[in-house]
Amino acid sequence: MSRIVVVSNRVPVPQGNAGQAGGLAVALLGLMQRRGGLWFGWSGAVTEAGGPPGITHRGGVGYATIDLTEAEHRGYYTGYSNGVLWPMLHSLPHLMTFRRQDLDIYRKVNRRFADNLVPLLRRDDRIWVHDYHLLALPGALRQRGVLGATGFYLHVPFPAPDAAAVAPGIRSLVQDVLQADLLGFQTATDRDNFAATAVGFAGAVRTADGVVELGGRPIRLGVFPAEIAAPEFAATAAAQAAAEPSRLLARSLNGRPLLLGVDRLDPTKGLPERLEALRRVVARRAPRSLTMLQIAAPSREDVAAYRLLRQEIDAAAGAINSEFGEPDWTPLRLLARPQNRDTVAGFMRLARVGVVTPIRDGMNLVAKEYIAAQDPADPGVLVLSRFAGAAAQLASALLVNPHDAEGMAEAICAALDMSAEERRARWRECWAAIAGASPEGWGLEFLRALSPGDLDRLPA
Ligand code: ADP
Ligand code: F6P
């Protein structure tokens, strides 16, 4: 029976504390815990050791991790992955900071992943590589003689060829990732953009719908939108709404409607634009008539753009509260720290409006979580950026353009004023889009596509 081997930069080794805020870990953890296998990646530690992987076994999953050196962390993670690829993939080229040595280190760390992973592999493993940190890994594995089924999934968007071309080094990385057998994307747009890039400047040829060839080898390209365990999240939200943190929050609102944002503190999440929309909403409505809670978990603080963003939103939040606040009320509460995911589920259920307005996002699981958290009898309204992958599935949310502050403010006001009947109708359609799906179903669909016929032999 073949084993699942997941490779990702971030490995959520269970430590009994709150998990990592991030879509990848949330999407994969349940699948791996249920199915077992090997999960390989970075330990999260920066040391000068560089030794062999440490392996922890928990409930059928082996977590094998290596440390990064200071120079590797700076070049591979902070530099090229998050300073070049992340902004390029999210169509924010002005945030790119390229240094030639970072690209070299990125490639070197991908090779080190391969060197440390290969001795742990069995012949019939199904290898599943994740995300933009590891674009060079499929090529590095093939070079080391790994012939078995290898898949790659991109959790983030892929832009049109012209926008992809701005990242120095991208051409050969596209060729490396094309050494996989199956490439998965969040949306059809991402898949089509990648195919056009592979054909346009990486030497691939389109041979059929969803298939390209490189050097005579076919590579399949598929669409697999990431999902959440909606019924479980709904149950957590319902239970948490009665727990202490939600009760304290509810009491502090004094009957005012709650607007809620929950994000990593990331330039792609559209936080300054969101606060500008909030400023306009507060300006046009009565004092004390609403409260917004924005939870923004600090992320990638070694990247300059993230540090500047923190200053920018701290200033914008202060400006809104000093301009519109009253002695007994402030319109905005900004928390720059992660919160327990279950607690957040309870907050989502309390919120009359879920404000999810990224400039660009691969999927955005928060949008799906907000829908799952609602009380079906009295649901809140999701205000969702049309540039989040989730918008392709949640078309009954109020879709907005995050670059249009006035349009967002109008949508938030419409959400606040919406009749219960319309709220229920919109929510039912969004719920129908996510209720039957699960992270495990998402993962199994990818793995089934990777090696058809083998799936029935996977452990249940
Ligand atoms: P990304 O992968 O870019 O971080 P997603 O919305 O796809 O964005 O996934 C983020 C996951 O992390 C969700 O499960 C969300 O609930 C969680 N999360 C994000 N921000 C926070 C936060 N500030 N506190 C707690 N959990 C968070
Ligand atoms: O889902 C996108 C993603 O970049 C994941 O790959 C990552 O684990 C998560 O966001 C959080 O970011 P980071 O691992 O850099 O803290």
Review point. Do you know the relative contact order of the range 230-436, to the nearest whole percent, from alpha carbon pairs under 8 angstrom that are 6+ apart?
Key: 27 percent
**Study point:** Relative exposure of HIS155, HIS94, HIS73, HIS403, judged by other C-beta atoms within 10 Å (fewest first)
**Key:** HIS94, HIS403, HIS73, HIS155
**Study point:** Neighbour-count order for LEU121, LEU137, fewest beta carbons within 10 angstrom listed first
**Key:** LEU121, LEU137
Review point. Counting Lys +1, Arg +1, Asp -1, Glu -1, what net charge surrounds TYR76 among other residues with beta carbon under 14 Å of its beta carbon?
Key: +2
Check your understanding: Angle, helix 188-201 long axis vs. longest principal axis of the chain, Cα atoms, 0 to 90°, nearest 10?
Key -> 40 degrees
Review point. How big is the antiparallel share of DSSP beta bridges in the range 27-149, given as a percent to the nearest 5?
Key: 40 percent
Review point. Starting at 0 and stepping by 10 Å, how many percent of the alpha carbon pairs of the range 230-436 end up in each bin?
Key: 9, 37, 40, 13, 1
Exercise for review: Compute the acute angle (0 to 90°) between the alpha-carbon long axis of helix 304-324 and the principal axis of greatest extent of the alpha-carbon atoms of the chain; round to the nearest 10°.
Suggested key: 10 degrees
Review point. For VAL61, which sequence-distant residues (separation of 5 or more, or a different chain) have an amide H within less than 5 Å of its own amide H, given hydrogens modelled in the peptide plane?
Key: GLY37
Study note, to complete from the structure: With 0.36 nm assigned to each residue of separation and the Cα-Cα distance removed, ALA414 to ASP314 gains 33.3 nm
Review point. Could you give the semi-axes, largest first, of the ellipsoid that matches the chain, computed as the square roots of 5 times the alpha carbon gyration tensor eigenvalues and rounded to whole Å?
Key: 38, 24, 22
Practice item. Provide the gained length on full extension for the span ALA188 to ALA49, in nm with one decimal, where the gain is 0.36 nm per separating residue minus the Cα-Cα distance. Key: 45.8 nm
**Study point:** Separation of the TRP329 and ALA283 label points, Cα + 7 Å toward Cβ, nm
**Key:** 1.9 nm
Revision key, fill the gap. Listing GLU369, GLU421 by rising number of other beta-carbon atoms within 10 angstrom, fewest first, gives GLU421, GLU369
Check your understanding: Using 0.36 nm per residue, how much length does the chain from ALA392 to LEU120 gain when fully extended, once their Cα-Cα distance is taken away?
Key -> 94.1 nm
Practice item. For the range 230-436, give the share of DSSP beta bridges that are antiparallel, in percent and rounded to the nearest 5; count only bridges with both residues there. Key: 5 percent
Study note, to complete from the structure: With label points set 7 Å from each Cα along the Cα-to-Cβ direction at ALA208 and GLN143, the distance between them in nm comes to 3.1 nm
Practice item. Rounded to the nearest 500, what is the 222 nm mean residue ellipticity of the chain from helices alone, with -39500 (n - 2.57) per DSSP H run of 4+ residues and division by all residues? Key: -12000 deg cm²/dmol
Review point. For VAL223, which sequence-distant residues (separation of 5 or more, or a different chain) have an amide H within less than 5 Å of its own amide H, given hydrogens modelled in the peptide plane?
Key: PHE185
Point to revise | Separation in nanometres of the label points that stand 7 Å from Cα toward Cβ, at ALA449 and ARG256 | key: 4.5 nm
Review point. With contacts defined as alpha carbon pairs under 8 Å and 6 or more residues apart, what's the relative contact order of the chain in percent?
Key: 15 percent
Study note, to complete from the structure: Longest principal axis of the chain (C-alpha) makes with the long axis of helix 244-253 (C-alpha) an angle, in degrees to the nearest 10, of 40 degrees
Practice item. Can you bin the range 62-205 into rounded, prolate or oblate? Criterion: square roots of the alpha carbon gyration tensor eigenvalues sorted a ≥ b ≥ c, rounded for a/c under 1.5, prolate for a/b above b/c, oblate for the rest. Key: oblate
Check your understanding: List the trypsin sites (Lys or Arg not before Pro) in the range 380-460 that DSSP assigns to loop (not H, G, I, E or B) and whose Cβ has at most 15 other Cβ atoms within 10 Å. Which are they?
Key -> ARG386
Review point. Within the P(r) computed for the range 239-286, what percentage of the Cα pairs occupies the region above 16 Å?
Key: 58 percent
Exercise for review: Go through the range 48-151 and name the GluC sites (Glu not before Pro) that are in a DSSP coil and have 15 or fewer other Cβ atoms within 10 Å of their Cβ.
Suggested key: GLU48
Point to revise | Antiparallel DSSP beta bridges within the chain, as percent of all bridges there, nearest 5 | key: 20 percent
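Throughout, read-outs are computed from the coordinates displayed, never taken from laboratory work. These numbers were taken from a predicted model, which means no experiment stands behind them. Cβ atoms come from the backbone with ideal geometry, glycine included; neighbour counts cover every protein chain shown.
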